[in-house]
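**Student:** Here you go, one structure.
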Amino acid sequence: MRVWGKVWLVVVVAAATVESQRRPSGQGVTTTIGGQGVTTRLGLLGPELGLPPVPIGGINQPARDSGIIGCVCLPVNQVCPEGQAPPPPQNSQVGAPNHGAGQIDVRIVNLLTGGQCPGQKMCCPGGVIPPGPGPRPPPSGPVPINTGGCGFQNPLPIPNQPAKFAEAEFGEYPWVAVVLDRANNYKGGGVLISENWVLTAAHKVAKERDLKVRLGEHDVTKPKDHPNFDHIEIPVGNIIIHPDFKADTLQNDVGLLNLQRPVNTNQFPHIGTACLPRQGQIFAGENQCWVTGFGKDAFDGVGEFQRILKEVDVPVQDPFVCQERLRNTRLGQTFILDRNSFLCAGGIEGKDACTGDGGAPLVCKPERGQWTVAGLVAWGIGCATSEVPGVYVNIASYADFIRRFVRV
């Protein structure tokens, strides 16, 4: 999700308390995407904005220039002219304490706007924001089959469907897992790390029992994403939560899902594993890192869950710099970042992880290396705000713990 290239992915992880309020259980599986009722396969439902729309200019608040040709900014409770773009993410603020209990927001956003309409929404002709350089070209030649090993990408072009800004290509992140309950209610993200283990955030699954994992997912509104390759679903046999997990601060936020049957990744070109880091591996300063997910594109009840897997690039921040920046938020000057539990990434306006993406992987590709799981979406303060990094589970701190159960 580059602001100048692939853009439009805000990953926001709202706090555990916020997450629990986000979606009543048992809701149906229909959501509105682009103004049209679309039946989804995940049951991804976002709350209504809660503000009655009014005609454009109807409350003496004229549109202002967004800085992007043809686009204007409007108050969030005004409707765009017919066919124009939906609201970009909103940001939140306020508060204080320690390790963040009661203050953190549990939470992908890659805004092409780059903050062009702070506190408002952007409206563009035809609902299309003028693009940057464009997506990567599809690979040429025959489709390779996975031959073993972790951290290899294999984007497979879908006929007549080029990738759009901030949207992952089919098979580009083959390790992405979607965690569901048996009734198809969406629980969170995860990452396939071996043929029979999925790594996720403990706060997404600690109170769950009957779960399943979907692999090879790309567009939740389609029964089949690619004419040649289906997604697969596998029940979870056992859930392992880190013994020191703390639900109020999300410290030690590590969960492992043992699949009831192994995935033959050699058989599926669009499904594969991400590599685990070494114990204590340092990612601070890494710039080639991406976070992916189906979570909302905005925070504070404004956003919608995404129908196509989204991606955003975020640099990993120095933990001491991150702590200082988080102290300038509602967490206050006494906040202490648990550097064993967490790493920080982002802090660039318009680019972040958001509500619903808890457990989704942050992967980095060190020079000449394979894609490695550096973090899992955990929490943040608001979403996609400049100088406010998102906070991720620091997987390198738990590599030895994970390897007690997972043979990789």
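The values are calculated or read from the model by the stated rules, or taken from the named source; none is laboratory data. Given the structure is predicted, the values throughout are model-derived calculations rather than measurements. Glycine also receives a Cβ, built like all others from the backbone with ideal geometry; neighbour counts cover every protein chain displayed. Calculation scope for accessible area: heavy atoms of the full protein, side chains included, ligands and nucleic acids excluded. Shrake-Rupley method; radii C 1.70, N 1.55, O 1.52, S 1.80 Å.
**Student:** Taking the range 162-185, which residues are within 18 Å of Leu259 (Cβ to Cβ) and either open to solvent by 30 Å² or more (accessible area, probe 1.4 Å) or within 16 Å of the chain's Cα centre (by Cα) (or both)?
**Tutor:** Hits for the range 162-185 are Pro174, Trp175, Val176, Ala177, Val178, Val179, Leu180, Arg182, Asn184.
**Student:** Please go through (1) at pLDDT below 95; (2) of a type outside the set (Gly, Ala, Ser); (3) out of contact with any Leu (no Cβ under 8 Å at 6 or more places or on another chain) for Val314 and return the number of the only condition it doesn't satisfy.
**Tutor:** The one condition Val314 does not meet is (3).
**Student:** Go through the range 250-283 and give me each residue that's touching a helix residue (DSSP H, G or I) at 6+ places or on another chain (Cβ under 9 Å) and either at pLDDT below 95 or open to solvent by less than 10 Å² (accessible area, probe 1.4 Å) (or both).
**Tutor:** Those that are touching a helix residue (DSSP H, G or I) at 6+ places or on another chain (Cβ under 9 Å) and either at pLDDT below 95 or open to solvent by less than 10 Å² (accessible area, probe 1.4 Å) (or both): Leu250, Asp253, Val254, Gly255, Leu256, Leu257, Pro277, Phe283.
**Student:** Within the range 361-387, track down each residue that is modelled with pLDDT under 90 and surrounded by 24 or more Cβ atoms within 10 Å (Cβ to Cβ).
**Tutor:** Gly380, Ile381, Cys383, Ala384, Thr385
**Student:** Would you check if Lys212 is open to solvent by 40 Å² or more (accessible area, probe 1.4 Å) and closer than 18 Å to Asn184 by Cα?
**Tutor:** No: the conditions fail for Lys212.
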